[in-house]
Amino acid sequence: MKAIIRITLKNGVLDPQGKAIESALGQLGFEGVEEARQGKLIELQVAETDPVKAKANIAHMCEKLLANTVIENYAIELLDA
Amino acid sequence: MTATVIVFPGSNCDRDVAVCLEAALGEVPIMAWHGDHQLPDCDAIILPGGFSYGDYLRGGSIAAQSPIMREVVSAAQKGIPVLGICNGFQILTECGLLPGVLMRNSGLKFICRDVDLTVGNTQTPFMSGYKRDQNITLPIAHNEGNYFASDETLDALEDNDLIVLRYAGENPNGASRAIAGIRNQAGNVVGMMPHPERLAEAALGGEDGRAIFDGLASFLAK
């Protein structure tokens, strides 16, 4: 099955890239953007067919490598489950 | 007195560090490859600067999981002195030997220039060649040098006197509490963003970095 992992900066962690995006959008004339935050999206194709096991395994991957939990949160979404 | 320099794909300060180590320790260091499963018998380990694994995912994150790093972590826990410079500092935080994380510079630009620093704690093999509150100049060259940790972690670093270097005057990268380098509680693991190996000979424009390697040599000679 396919898994989508969204990695986002925790609240309160300064996001200079998000700030640059926010200011670039303003300079292009797009109004009303109150805040921009940049994150990462990782897609995994996994062999595991049991969604509970797959999610637990991917959470372990996030803790170990994919996210740095000092500054980042992660959310796992399973497709074709 | 033998030091080991760990070489990752993308390391680019490994040879400069090796020259400094040879000058200070009087012995050519061992260069160990990231894929090795066994650490050579040695008295100190240096993780050099560079862009290990192209800085993919996060600076130092993939290097931190490489086979040799399991051995480095185990050696560090046994008390062998370990110094991480720049990308090496990022690797030390990613593998959990030091707290916090090095984030993107607040100004979003790669910064490559000399900076003024103030020495903090010197109770570690790598800082023993300096005096507390000494002002030194070293080059920085990084895109992710913005040290970040929770307030509790930052307070603990200050309360336990674990900050070894701070940016003096202007904070170049937005680092929390102007932190440029820290040590662990035991004192054998140090991480720093500045590059002492790039300013360790008068011919290079300054010698402020040499005390890092000389300090290690004096420590190992005891």
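Identify all residues within the stretch A:6-60 that are more than 12 Å from chain B (Cβ to nearest Cβ), under 17 Å from the mean Cα position of the chain (by Cα) and open to solvent by less than 60 Å² (accessible area, probe 1.4 Å); write none if there are none.
A:ALA36, A:GLY39, A:LEU44, A:ILE58, A:ALA59
Could you tell me whether B:ILE30 is under 15 Å from B:PHE213 (Cβ atoms) and at pLDDT 95 or above?
Numbers: under 15 Å from B:PHE213 (Cβ atoms): no; at pLDDT 95 or above: yes.
Answer is no for this residue.
Among the residues of the stretch B:70-82, write down those that are out of contact with any helix residue (DSSP H, G or I) (no Cβ under 7 Å at 6 or more places or on another chain) and either aliphatic (A, V, I, L, M) or open to solvent by less than 10 Å² (accessible area, probe 1.4 Å) (or both).
B:VAL72, B:VAL73, B:ALA75, B:ALA76, B:ILE80
Pairs, please: C-beta under 8 Å, at least 6 apart or cross-chain, first residue over 17 Å from B:ALA63 (Cβ atoms) and without any contact (Cβ under 8 Å) to a residue 12 or more places away in the chain and in the stretch A:60-74, second open to solvent by 50 Å² or more (accessible area, probe 1.4 Å) and of a type in the set (Asp, Glu)?
A:THR69/A:GLU63
Condition first: among the aliphatic types (A, V, I, L, M), part of a helix (DSSP H, G or I) and free of Cβ contacts under 8 Å to residues at least 60 places away in the same chain. Can you find one or more residues in the stretch A:38-51 that meet it?
Here is the first cut: in the stretch A:38-51, the residues among the aliphatic types (A, V, I, L, M) are A:41-42, A:44, A:46-47.
Filter once more, keeping what is part of a helix (DSSP H, G or I): none.
Checked against the condition, which is being among the aliphatic types (A, V, I, L, M), part of a helix (DSSP H, G or I) and free of Cβ contacts under 8 Å to residues at least 60 places away in the same chain, the stretch A:38-51 yields no hits at all.
Looking only at the stretch A:61-81, count how many residues are in contact with a strand residue (DSSP E or B) (Cβ under 7 Å, 6 or more places away or on another chain) and more than 12 Å from every other protein chain (Cβ to nearest Cβ).
Number satisfying all stated conditions: 8.
Inspect all residues belonging to the stretch B:194-216 and state whether any of them is at pLDDT 95 or above, buried (at least 20 other Cβ atoms within 10 Å of the Cβ), in a strand (DSSP E or B) and not polar (S, T, N, Q).
no
The values are calculated or read from the model by the stated rules, or taken from the named source; none is laboratory data. Bear in mind the structure is a predicted one, so any value in this text is a computation, not a measurement. Note that we place each Cβ from the backbone using ideal geometry, even for glycine, and neighbour counts take in every protein chain shown. For accessibility, only protein heavy atoms count, side chains too; no ligands or nucleic acids. Shrake-Rupley method; radii C 1.70, N 1.55, O 1.52, S 1.80 Å.
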